[in-house]
Every structure is written in structure tokens, then in C-alpha cells.
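J.: Got a structure here, written out as C-alpha cells. Questions coming.
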Amino acid sequence: REYHMLRETAIKVVRHLGVVGECNIQYALDPNSLDYCIIEVNARLSRSSALASKATGYPLAFVAAKIAMGIILPEITNTVTGTTQACFEPSLDYVVTKVPRWDLGKFEGVSKHIGTAMKSVGEVMAIGRTWEESIQKALRMVDPNVKGFQSRGEVLSKDAIISEFHRPTDKRIFAIAQVLETGEISPEEVTKHSNIDPWFLARLQRISNFKRRISGSKLSSIDVATMREAKQLGFSDVQLANILINDVDGKFVNDDEVRAYRLQQGVAPFVKQIDTLSAEYPAQTNYLYMTYHGNEDDIVGQTKSRIVLGSGSYRIGSSVEFDWCGVSTIRALRQMGYSSTMINYNPETVSTDYDECDQLYFEELSKERVLDIYTKENSQGVVVSMGGQIPNNLALPLHRAGIKVMGTCPTMIDKAEDREKFSRIIDDLGLQQAEWKELLDMSSALRFADKVGYPVLVRPSYVLSGAAMNVAYNAERLAEYLFEATGVSPDHPVVISKFITGGREIEMDGIAKDGVVMGCAIHEHVENAGVHSGDATLMLPTQTVSEYVLARIEDATKKIVEKLEITGPFNIQFIAKESDVLVIECNLRASRSFPFISKTMGVDFIEAASKLMVGASVTDMNLPNIGTRNRPSKYVGVKAPMFSFTRLGGADPILGVEMASTGEVACFGVDVHEAFLKALVSTGFKLPEKSIALTVPRDLLEEVVHHVWILHEMGYELMCTAETHPFMVAKGIPCTLVHYADSELLPNIRTLISNNHVDLVVNLPTSSSTELKNNFLTRRTAVDFGVPLLTNAQLFKMFVESLRKHKEGKVQFTRGASLFDYYEREAPSDSWTSPTEFH
């Protein structure tokens, strides 16, 4: 009744507004009556359009585009059935669950409450025949460390749980799991405090009741019916292994034992097709999912395909760059004549468009599910190196399970990912690295830090975007960070190393075959080491790196690539300080900068890596390699990060060794300053017009004073806080004293920012900063009021130099020239791609 009421309303609204194409209507529906109201109408594609299209198999954007061209629905073919038309409403015989991905834990001080302002950075979409199966899949997809619907983390008190129900955070689902497992709060009370519909709680209760029923049972006592019920409720093999024991010593079994036992019982998933018409017409699509509800596969036959593992949900550290890598791999494999299969569960991606590959499985990226699909397809290999850290972490488990992993051997991937093993390899090769020690116990870690001197860097293994990586400046912080690191990476070693201050970070992205480099690109960061590579501003080609340092980097790269016998993509990070070139880490996978180097250099590194992994030649691709200099030579590419601090109330907008950015842009320019300013403006950064506020700690004053003088020369009104003001005045730079954010005296920097009297805030904190609270309040106020903010000294200096060129009229984008204008002026001899080629 509610559904048809809202459906009829939607039809009336669309007809009244004369909408042509797609439309999104958001309702508020009273759960206790038929009262409703329309929140908003968007006569365009919405954020949920991709989700709705992929959940139903009905391509909304495709159909909307056809309608806009005057083609009517009866003339548009339903691409899923291949025989019916698009003038129908999808009817589903499966359940789709979308769950957002939050990364609020990465931000210090951020409010974790979720509400009307969007805070999620990604989402997953899970498909099952029941909601229980679908929700358990979805929770595992959001975070591989989550086993399913079960309590997680610290046990909450009753008051904390009720508070969670009234003011939800990103952890509310786990609070619900706790109370349903323990029974301390009834489902009726949960509904009372949270307004969650009893229908959902009844199904979650089924999951909890089943778990309670079999917990502590012997695996051998689980009969076929119980095992099938467990799988139909969405329990994974790992989840069951955590609650079932063996016959010998009563210890918990492992997931391999559960898998072998259920396969022996004949309990295996079935492959089903996405079907827009609930089997009323035969589906012809390659768009697939797996379920334990059924008795036969919808598709028959083994494809002998190559499987590419996608990147999962967008998150901080893994976004569209890895999806680009996965799609490029799929396209390269298909061009070479190989059948290709994609496994991914992110509805926002191109890789989950079912026409990109020969088979698309909208499924979990887990050892269990990859083994299921590998067996069904009789696959010839799995590519784990294109989807970021999630598939890369599966390399060794899949290898041990007998799956052929394409590219670099998983045992070598383990040597690179395991901090302790990799550090030993670097020592054996005679290459430079910061002093390091594997964490054995807290006392030895503290002794090591005292020996090498603070600051020290805490580095867990097998993590993405620097998760739990921290710089400790004293023993108290070191103990805190070590505890966090062992929690995020419990099965792998944590390494402590001396943190190098004042060094320039340089990256080597490349591809190799059997330990020989076949193509590479070196790019450098604007910011000094200490800012995560995903948050750093990248320059290609390098701008300040000497030939000596480049030669040292290339020599180290050749040695590492040969030692690890790399085949496929790799990324090696270095720190250069004076005459020292130190190795930081090596990732035996595509890095997030591969799309940037490919598009800047005009050659698809991922296509080349895909060819190398199947034994094809890349000699015709004109790849830059060891010794290549100044490519490109006629322009410079700069990649700049984008942040979402405005949506994360309370978060400190400062950069460190753990990644915080949620996106990126890249721009080209005739020189680095033009490219840099273009990239910065592309992120939404507004150039200052009149006034700039500065807070600079004592140890940076001498370094930045030259660039502050340039701002004065350009006519900007400078406002400086207490520590900065006397130094600038002593150096002959006119500026106004402004009081700290917590001061009641005027002019107060916080008041000036909030009243729009400041066009740019420069706040450059270091470990020696004393006004921690005031610095935070200044940064946070700038973000809250949309005032541009710079918090890094190297970035500030690059900005000032670029701004001066802009004022002098030497920056191209101020003259309105476009990329098409650039191509018009470019001589054919300067280009290495044909006019019709697209990257």
C-alpha cells in the first residue's frame, strides 16, 4: 500500500514537472501512518542512480540518454533479456543491500555521529536471495576485518547502547548485534529507542539466534541441513570457524576445514544471473552473483577466464584510480583475446558495468568467494595487483589454496608487504634505509627509540593508506601508537624506524618482467617526507631532483626488482636528503599514481603490465624506462589531493603519514608553477584577493620569510599571530598583529576568519608548536567558513611562487587557453600518441 501510494505520487510529480529523462524523488514516510511528504525532487541523475541501475539491471542513464534523443521506451531494448523492451518496471527475485563506508576513525577529533550531512566516502552493494544473506555479505564487503553481523570491538554499557540508538554513529549496527546476541535489550526496545522497523530486527535476530545455537559445537556434528541454513543466513566460512570446534582438542577450526567439510557435504553456492523480470523472460546477461538459495546454476559451462579482482568500496586510500587500473586490465585482456572475469561489489565503478567484461560477479573479495568462482569458471589465473590493498592481501592465501596468481609470485608479495622481511632484504642488498627494528615487546621498542632518538615512525604491515601509521615524538605517544598498530595488523609484524625529517619523498612507479624493469616513471612530492603519498602534491617530471639522486634511485630500483623477481606493476618510495637516498617501502601492485603517470606520459602502464603478466611483448608501446629523462618535455603534470574536512565536523585539517584525502585532480602546464596553480584551483581553492593570515612556528620562520616578503611585494595585507608578528616586523615586513583564537582581545584571528576578513589562512604547525589548541581552532575555523587553508611549508612556498607568476600574467589558465588550444599549437613531432588515441 505504501509502495503504490508513493509510486502514484512520483508519476504525478514527474508529469506535472514535465521531466524528460531520469528523476530522483526523496520522501519522508511516517512509519505509523500513511502520512508522507516530499523532501526534494532532482530532475537529473542522482547519487543512487548507479546503485539503482546495478541493483535492478535496468541502466537508468542509458535509457535516459535515449529518451533525451527522442527515442521512446518501446523502441529501447532491455539489455538484460535481449528480447523485451525498456517500457517496464524491474521485478526482482533477489534482495540488494547497500551499506555506506565511513572512515571517520582516520580523523582526530571528528564527530562520529551520522545524520543529514553526508560523511561516507564510499558504499557497497550486496546481492542475496534473502535479506539475511545480503546484509551479512554487505557488512563483510564494507570492511574485510568484519566477519558479518556480530558484535565487534569493546563491549558497550546499556547506557552507551541506548545513546547509540538515539544518536547513531557508524558503529550502530555492531551495538545492535551486541544486544541481540546477549539479550540485554529486546528487539522491541531497540525499535523504541532507534525507530528501526521491527521487520529488520526480526531478521537480524534470526542471525544472532542461529549463531547462539551452534556456537561451541563440533564441526563434525553440523549436519547438511544446518550447514546449508548457516550459508543461507549469510555466514562465511571464516565466521563459522570462529564459533565451531574440532574433535581433537576442542580448539576452534579454521576456514579451510569448514570449506572442506561443507564441500564434502555437497553444500556449495549456485551462480545466478541478475534478472530484471524475475525469470518471466530468460536473462541473457553475464551479470552474476552467488547464493545458497537455489538448486542449479543459471549459467552452464566453464569459461577458463582470467579473473581480475576489483578494489571494493571507495575509501580513503582506494578510490577510482584503482578502478581505472582494473578496467584497463580487463580491456587489455579482452583485446588480447582472453576471456575475462571481474569480481567487485562497488556500484559506483566502471568495473561493475557488466558490458566491460565477459563475466561480472557482484561478489565479495574474499578467499572463500574467489575460490568458489575460480572453481566454477575453471579459471586460468587471478590478477591481484590492480585493485589496491584488498586483493593484494589475498595473494598469499589464494596461492596457498592452489590458485594461480598472475604476475609476481605471492611469496615475493609477502616479502614486500611484511615490513620486517622487506627491511632485511634492503639491508642484504646494501641499500640505505632508516634505522629500524621489529616490534617484539614494548620495552625493546622504547629502548630502540631512545637509542636512535625521537621522532620514530610506527609502521604496521599489510595496510592501505598508512592505516595506524604514526610518527611518535615521545615515549607516551609511541606506546599509544604501538597498541593501535598491533590491533590493525595483528597477524603481521610492526616495524619501528627512525623518522627522517626534512627529506624529499620521491616515488618510482614501474612495470617489470621476471625481475627486469620494462618501463618506469619517477615523480616527486612538493611536500617533504611526513605527508602520506596519497595526500601529497605530485610533480612529473621531477623538478628539484639531481642526476645523482635519480641515478641512485634507478640503481636501487633495479636491485629490488631483480631480488623480488617482479612481473607486473610496482611502486617504490624513497627519501632523498642531502647525499642520502633511503628506501621507504615497495608495493608489488599498481599504486594510486598509475593513472596519473599514464595520462601524463601518454602511455598506458596498466595495459603494458597486463601484457607482461600473460607473456605478451610491450616493445611497441614506447615505454619510458631507466635513464629516460624529461618525459614529458614540453609540459609538466601536477596531481593535487582533495579533502572533505568541511563535512567532518571537529576533524583537524592537518596532514600526516596516514592518508586523509578523498579525491584528487591533475593538471598540465608549460611549467610546474602553472600546472600547480591550475591543480590547486581545480580543487576549489580560491586565490586570495586582499588579506592573508599567518601563523608560523619559531623553527620555520627563517625558511618562509622570503616568501612572506613576496606576498608583501604583491600588495597583500598580512596579519600575523603573536609568535610570527615580531619576527616579521624585525625583518622589515609590514604586518598587523592578530590575537590567537582563544583570546578575548581584538583583532582575534577566529573572528576575522568568521567575518570574511581573511582570504587565505597559512597555519604551519610542527612538532615544536606550542599553541596546539589555538592552531587547531584557527585551522578548523578556516575550514568551517570555507576559507582556503595551507598547512605545509613546502606547499606554501610553491603556492607563493606560482601566485607571483599568476600576478605577472605568466600562467596560461589566466588567459583562458584550453587543452584543445594546446593541441592546436603542438607539433606532431612533440606527441607520442595519435590524434585519435584516447587514454
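The values are calculated or read from the model by the stated rules, or taken from the named source; none is laboratory data. Since we're looking at a predicted model, the values are computed, not measured. Here Cβ is always computed from backbone atoms with ideal geometry, including for glycine, and neighbour counts include all displayed protein chains. Keep in mind that these areas ignore ligands, DNA and RNA; they rest on the heavy atoms of the full protein, side chains included. Shrake-Rupley method; radii C 1.70, N 1.55, O 1.52, S 1.80 Å.
J.: Being within 30 Å of Phe643 (Cβ to Cβ) and of a type in the set (Asp, Glu) is the filter here, so list the residues in segment 302-355 that pass it.
T.: Within segment 302-355, Glu321, Asp323, Glu348, Asp353 meet the criteria.
J.: If I filter segment 350-367 down to residues being in a loop (DSSP other than H, G, I, E, B) and at pLDDT 95 or above, which single residue comes out as farthest from Gly122 (Cα to Cα)?
T.: My answer is Ser366.
J.: Right, next: Val638: crowded, with 20+ Cβ neighbours inside 10 Å, modelled with pLDDT of 95 or more and not in a loop (DSSP other than H, G, I, E, B), yes or no? Break it down into steps so the answer makes sense when it comes.
T.: Values: crowded, with 20+ Cβ neighbours inside 10 Å: yes; modelled with pLDDT of 95 or more: yes; not in a loop (DSSP other than H, G, I, E, B): yes.
Yes, satisfied.
J.: Can I ask one more? List pairs: first residue in segment 758-777 and of a type in the set (Lys, Arg), second residue open to solvent by 30 Å² or more (accessible area, probe 1.4 Å) and modelled with pLDDT of 85 or more anywhere in the structure, Cβ distance under 7 angstrom, at least six positions apart or on different chains.
T.: Filtered contacts from segment 758-777: Lys773/Asp742.
J.: Same structure, new question: If you scan segment 74-94, which residues turn out to be under 20 Å from Ser49 (Cβ atoms), in contact with a helix residue (DSSP H, G or I) (Cβ under 6 Å, 6 or more places away or on another chain) and surrounded by fewer than 19 Cβ atoms within 10 Å (Cβ to Cβ)?
T.: Scanning segment 74-94 gives Ile76, Cys87, Pro90.
J.: I've got another one for you. Inside segment 311-343, can you point out the residues that are in a loop (DSSP other than H, G, I, E, B), surrounded by fewer than 23 Cβ atoms within 10 Å (Cβ to Cβ) and either touching a Leu at 6+ places or on another chain (Cβ under 9 Å) or on the phi < 0 side of the Ramachandran plot (or both)?
T.: Taking segment 311-343 first, the residues in a loop (DSSP other than H, G, I, E, B) are 311-314, 316-317, 319, 336-339.
Within this subset, residues satisfying the condition of being surrounded by fewer than 23 Cβ atoms within 10 Å (Cβ to Cβ) are 336-339.
Of everything in segment 311-343, those that are in a loop (DSSP other than H, G, I, E, B), surrounded by fewer than 23 Cβ atoms within 10 Å (Cβ to Cβ) and either touching a Leu at 6+ places or on another chain (Cβ under 9 Å) or on the phi < 0 side of the Ramachandran plot (or both) turn out to be Met336, Tyr338, Ser339.
J.: Among the residues in segment 496-504, are any touching a helix residue (DSSP H, G or I) at 6+ places or on another chain (Cβ under 9 Å), aliphatic (A, V, I, L, M), modelled with pLDDT of 90 or more and not in a helix (DSSP H, G or I)?
T.: So far as segment 496-504 goes, no, none of its residues is touching a helix residue (DSSP H, G or I) at 6+ places or on another chain (Cβ under 9 Å), aliphatic (A, V, I, L, M), modelled with pLDDT of 90 or more and not in a helix (DSSP H, G or I).
J.: Sticking with this structure for a sec: For segment 192-215, which residues satisfy the criterion of being open to solvent by 70 Å² or more (accessible area, probe 1.4 Å) and within 17 Å of Asp30 (Cβ to Cβ)?
T.: If the condition is that a residue be open to solvent by 70 Å² or more (accessible area, probe 1.4 Å) and within 17 Å of Asp30 (Cβ to Cβ), then Lys192, Asn195, Asp197, Pro198, Trp199 are the ones that fit.
J.: When you scan segment 650-766 for strands (runs of 3 or more DSSP E) that lie fully inside it, which ones turn up with 3 or more residues that are touching a Pro at 6+ places or on another chain (Cβ under 9 Å) and open to solvent by 10 Å² or more (accessible area, probe 1.4 Å)?
T.: Working: elements: 663-669, 691-695, 717-720, 760-763.
The qualifying strands (runs of 3 or more DSSP E) are 663-669.
J.: Could you figure out which of (1) hydrophobic (A, V, I, L, M, F, W, C); (2) in contact (Cβ under 8 Å) with a residue 24 or more places away in the chain; (3) open to solvent by less than 70 Å² (accessible area, probe 1.4 Å); (4) assigned to a loop (DSSP other than H, G, I, E, B) isn't true of Ile71?
T.: Against the list (1) hydrophobic (A, V, I, L, M, F, W, C); (2) in contact (Cβ under 8 Å) with a residue 24 or more places away in the chain; (3) open to solvent by less than 70 Å² (accessible area, probe 1.4 Å); (4) assigned to a loop (DSSP other than H, G, I, E, B), Ile71 comes up short only on (2).
J.: Which of the following residues is at pLDDT below 95, over 23 Å from Val517 (Cα atoms) and not small (Gly, Ala, Ser): Pro347, Pro397? Can you show your working first?
T.: On the way: Pro397 fails: at pLDDT below 95.
Step by step, each of Pro347, Pro397 is checked, and only Pro347 is at pLDDT below 95, over 23 Å from Val517 (Cα atoms) and not small (Gly, Ala, Ser).
J.: Test of understanding: among Ile114, Ile127, Ile135, which residue is more than 24 Å from Phe270 (Cβ to Cβ) and among the aliphatic types (A, V, I, L, M)?
T.: Details: Ile127 fails: more than 24 Å from Phe270 (Cβ to Cβ); Ile135 fails: more than 24 Å from Phe270 (Cβ to Cβ).
Answer to the check: Ile114.
J.: Let me ask something else about it. Determine if segment 120-134 includes at least one residue that is touching a strand residue (DSSP E or B) at 6+ places or on another chain (Cβ under 6 Å) and assigned to a helix (DSSP H, G or I).
T.: Yes, because at least one residue in segment 120-134 is touching a strand residue (DSSP E or B) at 6+ places or on another chain (Cβ under 6 Å) and assigned to a helix (DSSP H, G or I).
J.: Which one of the conditions (1) open to solvent by 60 Å² or more (accessible area, probe 1.4 Å); (2) touching a Cys at 6+ places or on another chain (Cβ under 9 Å) does Leu623 fail to meet, given that it meets all the rest?
T.: Leu623 satisfies all of (1) open to solvent by 60 Å² or more (accessible area, probe 1.4 Å); (2) touching a Cys at 6+ places or on another chain (Cβ under 9 Å) except (1).
J.: Answer yes if at least one residue in segment 289-297 is open to solvent by 10 Å² or more (accessible area, probe 1.4 Å), charged (D, E, K, R) and under 27 Å from Thr84 (Cβ atoms), and no otherwise.
T.: yes
J.: Here's a follow-up. Just need a number here: residues in segment 1-55 that are open to solvent by 30 Å² or more (accessible area, probe 1.4 Å), among the polar types (S, T, N, Q) and either farther than 29 Å from Leu288 by Cβ or in a helix (DSSP H, G or I) (or both).
T.: 3
J.: Step by step: first the residues of segment 142-161, then only those that are small (Gly, Ala, Ser) and within 22 Å of Arg206 (Cα to Cα), then the one that is most open to solvent (accessible area, probe 1.4 Å). Which residue is that?
T.: So in segment 142-161, the residues small (Gly, Ala, Ser) come out as 148, 151, 153, 157, 160.
Still in the running and within 22 Å of Arg206 (Cα to Cα): 148, 151, 153.
Details: Gly148: 1, Ser151: 50, Gly153: 71 Å².
Per the stated criteria, the residue is Gly153.
J.: For segment 44-99, what are the residues that are at positive phi and at pLDDT 90 or above? Write out each step before concluding.
T.: Filtering segment 44-99 for residues at positive phi gives 57, 70, 82.
Listed by number, the list holds a single entry, Gly70.
J.: Where in segment 368-449 are there helices (runs of 4 or more DSSP H), lying wholly inside it, with at least 3 residues that are open to solvent by 20 Å² or more (accessible area, probe 1.4 Å) and under 26 Å from Gly326 (Cβ atoms)? Break it down into steps so the answer makes sense when it comes.
T.: On the way: elements: 389-393, 395-400, 410-417, 419-428.
It comes to 395-400, 410-417.
J.: I need every pair where a residue in segment 583-594 that is under 17 Å from Ala640 (Cβ atoms) and without any contact (Cβ under 8 Å) to a residue 40 or more places away in the chain has its Cβ under 9 Å from the Cβ of a residue that is open to solvent by less than 10 Å² (accessible area, probe 1.4 Å) and not in a strand (DSSP E or B), sequence separation at least 6 or different chains.
T.: Note: no pairs meet the criteria.
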